[in-house]
1. Right, ALA272: over 26 Å from LEU115 (Cα atoms), within 21 Å of the chain's Cα centre (by Cα), surrounded by fewer than 17 Cβ atoms within 10 Å (Cβ to Cβ) and not basic (Lys, Arg) or not?
2. Considering (1) over 26 Å from the mean Cα position of the chain (by Cα); (2) in contact (Cβ under 8 Å) with a residue 24 or more places away in the chain, say which one LEU142 fails and leave the rest.
3. Tally up the residues in the range 275-290 that are more than 18 Å from LEU116 (Cα to Cα) and of a type in the set (A, V, I, L, M), please.
4. Looking at the range 193-209, which of the residues that are surrounded by fewer than 18 Cβ atoms within 10 Å (Cβ to Cβ) and free of Cβ contacts under 8 Å to residues at least 60 places away in the same chain is nearest to ALA119 (Cα to Cα)?
5. Within the bounds of the range 141-161, is there any residue that is surrounded by fewer than 19 Cβ atoms within 10 Å (Cβ to Cβ), on the phi > 0 side of the Ramachandran plot, assigned by TED's automatic domain parsing to the domain that holds PRO277 and outside any helix (DSSP H, G or I)?
6. Within the range 121-138, is even one residue in contact (Cβ under 8 Å) with a residue 40 or more places away in the chain, more than 23 Å from ALA29 (Cα to Cα), surrounded by 18 or more Cβ atoms within 10 Å (Cβ to Cβ) and not basic (Lys, Arg)?
7. Just give me the residues in the range 166-176 being in a loop (DSSP other than H, G, I, E, B) and modelled with pLDDT of 95 or more, in sequence order.
8. Taking ALA19, is it of a type in the set (A, V, I, L, M, F, W, C), at pLDDT below 95 and over 15 Å from ILE308 (Cα atoms)?
Amino acid sequence: MPLNCAILDDYQNVAMTCADWSNALPDVAVSVFHDTVSGEALAERLSPFDIIVAMRERTRFDADLLAQLPRLRLLVTTGMKNASIDMTAAATRGITVCGTASEGHPTSELAWGLLLALARKIPQEDTALRAGFWQTTLGIDLHGKTLGLVGFGRVAGMMARYALAFGMDVIAWSRSLTDEAAVERGVRRAQGLSELLGEADIVSLHVPLNETTRHMIDAEALRQMKPTALLLNTSRAGVVDTAALASALYAGKIAGAGVDVHDSEPLAVPSALTSAPNTVLTPHLGYVSQNNYARYYGDAAEDIRCWIDGAAVRVLT
């Protein structure tokens, strides 16, 4: 009897075409789900499966859910980090948790797209043009502006290179960033978050969500930004206090925001940000690209095959 495998949250219906599953399929019966459910419906849906392939952190595999999945033996997550999985509970239940490689550039490219759309008011002009209007707004120049990067990992490093190519100044803040490392990357190191917020024309967030970063951009942080500044969030929704951001946008305390990550996903409409002015919103597209999905699903199929054969898999710790 084949093993049962669930592939979750395949919104675009591409999981089976982005990779070659033929090596895994002879021993695995695959079911692909194109929507997201929660609560009792989620446990009921997943209870028949021996293997689950999860997309990023869309589904929370806490101890309670794992206890309701007696057949689960292999949990594959796209990427090599997933804060939504209770690793201790999984280990206690004998569930192997493994991951896949991922690309860094799709998120930085998406963030830069949000910035260009905000700066040159592309969505507004597209809408106006289709309605018969011509040149209704005045965009801002990026050349000569200061980009502030909160966090300075792989994605932020790519953002710095884009900004330098556009003739921008770059200031970065990270608890681990040194002056020497900043100079090597062509950026200036801020002495603290407040300094960065007060100086930057564009603030772009690139930090993981944890207890030290949750709501680090709150009402007080937003007050420290220039009224002409733009905010970009392609990291995690919880880094920003969404209600405070919406209030700041309505009050004109900042000039605009580009947001790819949301407090609940899929985002319920209307929400605080969908009606807020001067926003460009995307449905968590930072990692959604052809090459990245090919890597995700290709590695997931390989993980399944290796696990079945007793070979080494990309185990999360």
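The values are calculated or read from the model by the stated rules, or taken from the named source; none is laboratory data. Keep in mind that this is a model prediction, so the values were computed, not measured. Positions of Cβ are generated from backbone atoms using ideal geometry, with glycine treated the same way; all protein chains shown enter the neighbour counts.
1. Working: over 26 Å from LEU115 (Cα atoms): no; within 21 Å of the chain's Cα centre (by Cα): yes; surrounded by fewer than 17 Cβ atoms within 10 Å (Cβ to Cβ): yes; not basic (Lys, Arg): yes.
Criteria not met by ALA272.
2. (1)
3. As a first pass, look at the range 275-290 and keep what is more than 18 Å from LEU116 (Cα to Cα): 275-276, 287-290.
From what's left, of a type in the set (A, V, I, L, M): 276, 288.
Counting residues in the range 275-290 that are more than 18 Å from LEU116 (Cα to Cα) and of a type in the set (A, V, I, L, M) gives 2.
4. The first filter runs over the range 193-209 and keeps only residues surrounded by fewer than 18 Cβ atoms within 10 Å (Cβ to Cβ), leaving 194-195, 198, 208-209.
Among the residues that remain, those that are also free of Cβ contacts under 8 Å to residues at least 60 places away in the same chain are: 194-195, 198.
On the way: SER194: 23, GLU195: 23, GLY198: 19 Å.
Among them, the one singled out is GLY198.
5. Within the range 141-161, one or more residues are surrounded by fewer than 19 Cβ atoms within 10 Å (Cβ to Cβ), on the phi > 0 side of the Ramachandran plot, assigned by TED's automatic domain parsing to the domain that holds PRO277 and outside any helix (DSSP H, G or I).
6. No - not one qualifying residue is present in the range 121-138.
7. Taking the range 166-176 as the starting set, the residues that turn out to be in a loop (DSSP other than H, G, I, E, B) are 166-168, 174-176.
Across the range 166-176, the qualifying residues are PHE166, GLY167, MET168, SER174.
8. Numbers: of a type in the set (A, V, I, L, M, F, W, C): yes; at pLDDT below 95: yes; over 15 Å from ILE308 (Cα atoms): yes.
Yes: the conditions hold for ALA19.
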